[in-house]
Amino acid sequence: MTHEIPTLHDIRAARERLGERVRETPVWHWHSDAVERVIGARTRVFLKLELFQYTGTFKARGALLNAMALSNEAKNVGVTAVSAGNHAIAVAFAARLVGTTAKVVMTKTANPTRVALCRAYGAEVVLADDVHQAFDTVKRIETDEGRTFIHPFESDLTVLGTSTVGFEWCRQAEDLDAVIVPIGGGGLIAGIACAVTQMQPRCKIFGVEPQGADGMHRSFAAGSPRSIEKVDTIADSLGAPYALPYTLGIARRFVEELVLVSDEQMQRAMGLLFADMKLAVEPAGAAATAALCGPLRERLAGQRVGVIVCGSNIDTATFARQAIPY
């Protein structure tokens, strides 16, 4: 790694700096007949409901820390970002909050609701053909216009922002045996791992990726960042085209195990969260639940498990089409 990991002092200070600009999202002890039928009666599940965050996902935390660090000169020029939607929305939100402008790049397949939300926060939206072209486009905007690029995951401040999720979680749920975190580029799991391993050292960190976007799995196997040729999953929020050194280094240092889930497993987890918790979440928001109900069910049986519900930016028609009964 080329960067230091945030200390507990850093994380606490970051949460104080964010203040009421972000919500302290609740933790819910998920206990019901429905979930017991799926994971067993002895497992205790503590949902970190980050879908209630401003902008609908955890992304607001890192985007805002980056925006708050801008100089006046940088604010005059503006910021840019690339995203399947959630990071772009968060950057638009953060830009408006600190008094600057945002020009964000999204793919043409992005959910129209997310595009509309970006524009509602005042951002200019540029649409690219695919995720690789989107990253090329944002580089041109950064170079040609001088806008500050706010990276969706590979940044000290982005990881520091996501670490505040873990900081809150550990204060809200004591003595966790494990936490399960979805992986796109790795910013969320890197930040949460930094906080959890310092606050609850015996707690194990498990990462989950879609089968069609397994960049972190490939990078773990290779021992260095790897890319994927094509994102092939309904969980577009987890479709980072490659891993990068900083977040990969943190993940390799702290993550106990990576698991894969199928689109169908995420769809069934969406259905379970809706039927039992009345939460309408996007596929990425259900990925950690899918991992607990599937590949980690036996491994974590009888333990106190933290599961993050990380996002809810999905329109009703898409949700109704994708969610299926467990």
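Answer yes or no as to whether Arg268 is in the same structural domain as Ile308 (by TED's automatic domain parsing), under 18 Å from Ile180 (Cβ atoms) and touching a Cys at 6+ places or on another chain (Cβ under 9 Å). If you could, list the steps in order and put the result at the bottom.
Values: in the same structural domain as Ile308 (by TED's automatic domain parsing): yes; under 18 Å from Ile180 (Cβ atoms): yes; touching a Cys at 6+ places or on another chain (Cβ under 9 Å): yes.
Answer is yes for this residue.
Quick check on my filter: what residues within the stretch 53-104 are among the acidic types (Asp, Glu) and either touching a residue at least 40 places away in the same chain (Cβ under 8 Å) or under 15 Å from Ala123 (Cα atoms) (or both)? Reasoning before the result, please.
So in the stretch 53-104, the residues among the acidic types (Asp, Glu) come out as 73.
None; the set is empty.
Any chance the stretch 143-150 includes a residue that's in a loop (DSSP other than H, G, I, E, B), modelled with pLDDT of 95 or more and hydrophobic (A, V, I, L, M, F, W, C)?
Taking the stretch 143-150 as the starting set, the residues that turn out to be in a loop (DSSP other than H, G, I, E, B) are 146-147, 150.
The next check asks that each one be modelled with pLDDT of 95 or more; those that pass are 146-147, 150.
Still in the running and hydrophobic (A, V, I, L, M, F, W, C): 150.
Taking every residue of the stretch 143-150 in turn, at least one turns out to be in a loop (DSSP other than H, G, I, E, B), modelled with pLDDT of 95 or more and hydrophobic (A, V, I, L, M, F, W, C).
Rundown of residues vs (1) of a type outside the set (Gly, Ala, Ser); (2) crowded, with 18+ Cβ neighbours inside 10 Å, yes/no style:
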| residue | (1), (2) |
| --- | --- |
| Val22 | yes, yes |
| Pro26 | yes, no |
| His31 | yes, no |
| Gly40 | no, no |
| Leu47 | yes, yes |
| Gly56 | no, yes |
| Lys59 | yes, yes |
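Filter the stretch 158-174 down to residues that are hydroxyl-bearing (Ser, Thr, Tyr) and within 15 Å of His9 (Cα to Cα) and give me whichever is surrounded by the fewest Cβ atoms within 10 Å (Cβ to Cβ).
Thr164
All but one of (1) more than 22 Å from Val165 (Cα to Cα); (2) not in a strand (DSSP E or B) hold for Leu260; which doesn't?
Of (1) more than 22 Å from Val165 (Cα to Cα); (2) not in a strand (DSSP E or B), only one is false for Leu260: (2).
Identify all residues within the stretch 264-278 that are surrounded by fewer than 22 Cβ atoms within 10 Å (Cβ to Cβ) and either of a type in the set (Phe, Trp, Tyr) or within 17 Å of the chain's Cα centre (by Cα) (or both); write none if there are none.
Once the filter is applied, which keeps residues that are surrounded by fewer than 22 Cβ atoms within 10 Å (Cβ to Cβ) and either of a type in the set (Phe, Trp, Tyr) or within 17 Å of the chain's Cα centre (by Cα) (or both), the stretch 264-278 yields only Phe274.
So which pairs qualify, if the first residue must be in the stretch 107-133 and on the phi > 0 side of the Ramachandran plot, the second must be part of a helix (DSSP H, G or I) and hydrophobic (A, V, I, L, M, F, W, C), the Cβ gap must be under 7 Å, and the two must be at least 6 apart or on different chains?
That search, which allows pairs on different chains as well, returns Gly122/Ala92.
Can you find a residue in the stretch 237-244 that is in the same structural domain as Ala178 (by TED's automatic domain parsing), among the polar types (S, T, N, Q), over 24 Å from Asp175 (Cβ atoms) and at pLDDT below 95?
Filtering the stretch 237-244 for residues in the same structural domain as Ala178 (by TED's automatic domain parsing) gives 237-244.
Okay, now just the ones that are also among the polar types (S, T, N, Q), so 237.
Remaining after also requiring over 24 Å from Asp175 (Cβ atoms): 237.
Still in the list and also at pLDDT below 95: 237.
Yes: the stretch 237-244 contains one or more residues that are in the same structural domain as Ala178 (by TED's automatic domain parsing), among the polar types (S, T, N, Q), over 24 Å from Asp175 (Cβ atoms) and at pLDDT below 95.
Could you grab me the full set of residues in the stretch 234-257 that are hydrophobic (A, V, I, L, M, F, W, C), part of a helix (DSSP H, G or I) and over 26 Å from Phe46 (Cβ atoms)? Quick ask: steps written out before the conclusion?
First, pick out the residues of the stretch 234-257 that are hydrophobic (A, V, I, L, M, F, W, C): 234-235, 238, 240, 243-244, 248, 250-251, 254-255.
Now narrow it down to the ones that are part of a helix (DSSP H, G or I): 238, 248, 250-251, 254.
Leu248 - this is the single residue of the stretch 234-257 that is hydrophobic (A, V, I, L, M, F, W, C), part of a helix (DSSP H, G or I) and over 26 Å from Phe46 (Cβ atoms).
The values are calculated or read from the model by the stated rules, or taken from the named source; none is laboratory data. None of the values given here were measured: they were computed from a predicted structure. Cβ atoms come from the backbone with ideal geometry, glycine included; neighbour counts cover every protein chain shown.
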